[in-house]
1. Which of the residue pairs LYS115/LYS189; LYS115/LYS297; LYS262/LYS297; LYS249/LYS318 have a Cα-Cα distance greater than 32 Å in the structure shown?
2. Could you calculate the FRET efficiency of LEU149 with GLU213 from 1/(1 + (r/R0)^6), where r is the beta carbon distance between them and R0 is 51 Å, rounded to 0.05?
3. Among ASP163, ASP253, rank each residue by its count of other Cβ atoms within 10 Å, from fewest to most, as a rough exposure measure.
4. Counting other C-beta atoms within 10 Å, which of THR180, THR282 has the fewest, and how do the rest follow?
5. Can you tally the net charge around SER286? Count Lys and Arg as +1, Asp and Glu as -1, for every other residue whose Cβ sits under 15 Å from the Cβ of SER286.
6. For the pair GLU242 and ARG298, what calculated FRET efficiency results from E = 1/(1 + (r/R0)^6), where r is the Cβ-Cβ distance and R0 = 25 Å, to the nearest 0.05?
7. Work out, in µm²/s and without decimals, the Stokes-Einstein translational diffusion coefficient of segment 148-277 at 20 °C, 1.002 mPa s, Rh from Kirkwood over C-alpha pairs.
8. Based only on other Cβ atoms within 10 Å, what is the fewest-to-most ordering of TRP301, TRP119, TRP201, TRP271?
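Every number here is computed from the coordinates shown, using simple stated rules; none is lab data. None of the values given here were measured: they were computed from a predicted structure. Backbone-built Cβ (ideal geometry, glycine too); neighbour counts: all protein chains shown.
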Amino acid sequence: MRAVLNALTEELRRLKSSGERTVMVSDEGVAALRAVVARRTRAAGAGAMETGGERLAAGDEKKVTVFSSPADSFRLPQPSVRNLEVGGVATPVTVPPSASCLPSPPIVELPTGDKATRWAALRELVLNHPVCVANVHPGKKVVLGVGSLNAQIMFIGEAPGADEEVQGEPFVGPAGQLLTKMIQGMGVKREEIYISNIMNWRPQLPVANPGGEQVGNRPPTAEELAFCLPFLRAQIEIVQPELLVALGKTATDGLLGAGRFKTLGEARGQWHEFAARPVMVTYHPSYILREPTPKKKRLIWEDLLKVMARASLPISEKQRGYFLER
C-alpha cells in the first residue's frame, strides 16, 4: 500500500505542477482502494513471513545454504495502463505492480561448481526472474551485483536508480562515481571489490505514458526488500567476502531489520552482523553529494578507516588525515 500511495503522491505532484487543480476518481476506484486497505489490515495481524513452507519470524537471521519457488506457484503482479481523468480528460498512466502484491520471497538454489559457475547461474535466474522482469519499465534492466568474485569487501546499497536500470549495473551514476573514488582512497581498485544492492530493480513510480521515463525515486518498501534479500544472500554465499559495508539507512534496515535503528546515526561507525559476517554501517555516497562538506566526507571516511583496519589493509598517515579540517 505504501508503494501505491507514494506513486499516487508523485503523480498528483506532477499534475499540480502542470497546472491541474482537480482530479476525478470513480466510485470503483475508491472501492478498490478501500478493499486494499482492508486486506492489508487483516494481513498485518499475521506478524510473520512464509518462506519455503517454513514459518519464520520477521528479522530471523537463520543461516541457510539453499536460499525458488517455481515461477507458476504465485500470481505474478503485472504493470497496467490506466486512464486517469484530469479535468474531464482521460490521461494514460502506466501503473507499476504494487509492492504489496509481491509473492513470498524466493528460495534460491545455487548449483555446485566454482564461483564463476554459481554466479552465472544466479545471474541467469535473477535477470530472467518473472517478478524482477515485471517490476522494470519497458526497455530497462534488472540489476545484479558486479565485481570480483574473490572480493574481501562487499559494498551493499539499497536499489538501482535511473542510470543503473539503463546499464544494468549498480552504482554507475553520480553516487557510484563517488563510491569509486572512496574505494580508490582506500588503496583498492573498484574491480577488486564486489558491489551490489539489496533491490534488483528500480522501485517504480507511475509514468505519464507507456513508453515514458520515470521521474524521481522512492525508497523500496519492506516487501520489496524482503523479496530481493535471498538474491543478495546468494551473492554473499558465492563471493564469501570477509566484510560487508551497508550504504545508507534503507540498506541498513534491509540487512539488520527495519525499526531496529531510528536514525542511521545510531548504527553508523559500528560493527554489526549479517549472514555470519561483520557489517560496517555508513552513509550512502548521495549523502555527500547533497552537501559535499569536509565534515560529512570525514564521517564516511572514518567508517572506511575501520573497514580498512579490520581488512588488514595498509593505512598511511596521509589516509588517516583525509578530510580533517585544519
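1. Working: LYS115/LYS189 20 Å; LYS115/LYS297 35 Å; LYS262/LYS297 22 Å; LYS249/LYS318 29 Å.
Going by Cα-Cα distance, LYS115/LYS297 fall outside the 32 Å limit.
2. Numbers: r = 34 Å, r/R0 = 0.66.
That pair, LEU149 with GLU213, gives E of 0.95.
3. On the way: ASP163 17, ASP253 22.
Ranking ASP163, ASP253 by Cβ neighbours within 10 Å, fewest first, gives ASP163, ASP253.
4. On the way: THR180 17, THR282 27.
Neighbour counts put them in this order, fewest first: THR180, THR282.
5. On the way: positive: LYS181, ARG202, ARG218, LYS249, ARG268, ARG290, LYS296, LYS297; negative: GLU158, ASP163, GLU164, GLU291.
Cβ neighbours under 15 Å give a net charge of +4.
6. Working: r = 25 Å, r/R0 = 1.00.
Once rounded, the FRET efficiency stands at 0.50.
7. Working: Rh = 15.6 Å.
Roughly 138 µm²/s, to the nearest whole number.
8. TRP271, TRP119, TRP301, TRP201
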